[in-house]
Amino acid sequence: MVVTEIFRSIQGESTYAGRPCIFVRLTGCNLRCRWCDTAYAFYGGAKLTVEEVLAKVREFSGTDGQRIPLVELTGGEPLLQPDINPLVERLLGEKFTVLIETSGERYVGNLPREVVKIVDVKCPGSAEGGSFNLDNLNALDRKDEIKFVVADERDYQWARAFLAEHRLSEIVDTVTFSPVFGQLEARHLAEWILRDRLPVRMGLQLHKFIWEPDTRGV
C-alpha cells in the first residue's frame, strides 16, 4: 500500500475527539474538494507492506501497559488501497479499535463490521456534491458516524434536507455537522443547529486549535 505518513496525535474529530490516536494516512484520492486540507496526500508517499505499516503502528502505540489502542485509517481516500482489508483485519486481530474516515463515494460494506466507519456526505460547496454512494446507508450500523462539512448556509440547508430525507438518525447514533475551518464561523453553524433543533453533533477540528492549522503529522 502507498502511505503518506504514520503518526501519533490527538484525535481531532468524531465522537473520539480528544483521545490519543495513531493515524495512518494513505496516499491518493479520486475527489477534489475545494476545502481539502490534506491535498499533500494526493500524490507521492512510500510503498509499504501491511506488516511494515503494522510495525510502525505498534511502535507509536507503545507497550501493553501504556498502549494507545485507537487507530484511524485516513487519506486521501483509504478505500482506494487494495490492501485496506488485510490491514484492517490485522489491526483488529491485535485488539486495536479501528476507525476509517472516508469520503462516502466508495462503498463501505466490504469492511469488517467491527470497524467504525466515519463517512462523509459531500455538500455542494465542496464541489463534490452528489458523489455520495447511497448504498452506504444500508451498510452502516449504530456505532458508525456520518459527517457533513458545511461551507455556508446553503450547504447547511442542503445537509439538513439530506438528514431528514434519509432519516439518518435512525441509521447511526452520531451525525456531525462541521464548519469548514477558516471559512464558516462556528458560531453561525451552532446558531442554525439550535434554531432548527437538529438531532446532530457539532464538530470542530480540535487538532487545529491545538497546533497550527497547516501542521502536518499531528
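The values are calculated or read from the model by the stated rules, or taken from the named source; none is laboratory data. Since this is a predicted model, take the numbers as computed values, not measurements. Here the Cβ is made from the backbone with ideal geometry for all residues, glycine too, and neighbour counts use every protein chain on show.
Summary table
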read-out: Test: residue in region 167-174 that is in a strand (DSSP E or B), surrounded by 15 or more Cβ atoms within 10 Å (Cβ to Cβ) and out of contact with any Cys (no Cβ under 9 Å at 6 or more places or on another chain); value: yes
read-out: Residues of region 145-166 satisfying the condition of being among the small types (Gly, Ala, Ser), touching a residue at least 12 places away in the same chain (Cβ under 8 Å) and part of a helix (DSSP H, G or I); value: Ala159
read-out: Number of the exception - Arg142 against (1) out of contact with any Asp or Glu (no Cβ under 7 Å at 6 or more places or on another chain); (2) charged (D, E, K, R); (3) part of a loop (DSSP other than H, G, I, E, B); value: (1)
read-out: Flag if Phe181 is free of Cβ contacts under 8 Å to residues at least 60 places away in the same chain and under 16 Å from the mean Cα position of the chain (by Cα); value: no
read-out: Matching residues, region 50-85, being more than 14 Å from the chain's Cα centre (by Cα), part of a loop (DSSP other than H, G, I, E, B) and touching a residue at least 24 places away in the same chain (Cβ under 8 Å); value: Ile68, Pro69, Gln81, Pro82, Asp83
read-out: Gly12 vs. criteria of a type in the set (Gly, Ala, Ser), crowded, with 16+ Cβ neighbours inside 10 Å and either closer than 30 Å to Gly130 by Cβ or in contact with a Pro (Cβ under 9 Å, 6 or more places away or on another chain) (or both); value: yes
read-out: Residues satisfying the stated conditions in region 140-161, i.e. within 19 Å of Ser14 (Cβ to Cβ) and crowded, with 17+ Cβ neighbours inside 10 Å; value: Leu140, Asp144, Glu145, Ile146, Lys147, Phe148, Val149, Val150, Ala159
read-out: Filtered residues of region 101-139 (kept if in a loop (DSSP other than H, G, I, E, B), closer than 17 Å to Ser14 by Cα and of a type in the set (D, E, K, R)); value: Glu114, Lys122
read-out: Per-region count, region 186-218, residues part of a loop (DSSP other than H, G, I, E, B), under 27 Å from Phe23 (Cβ atoms) and at pLDDT 95 or above; value: 1
read-out: Residue within region 62-78 that is closer than 22 Å to Val108 by Cα, of a type in the set (A, V, I, L, M) and out of contact with any Phe, Trp or Tyr (no Cβ under 9 Å at 6 or more places or on another chain) present; value: no
read-out: Selection count where residues are over 16 Å from the mean Cα position of the chain (by Cα) and under 29 Å from Glu94 (Cα atoms), scope region 11-41; value: 0
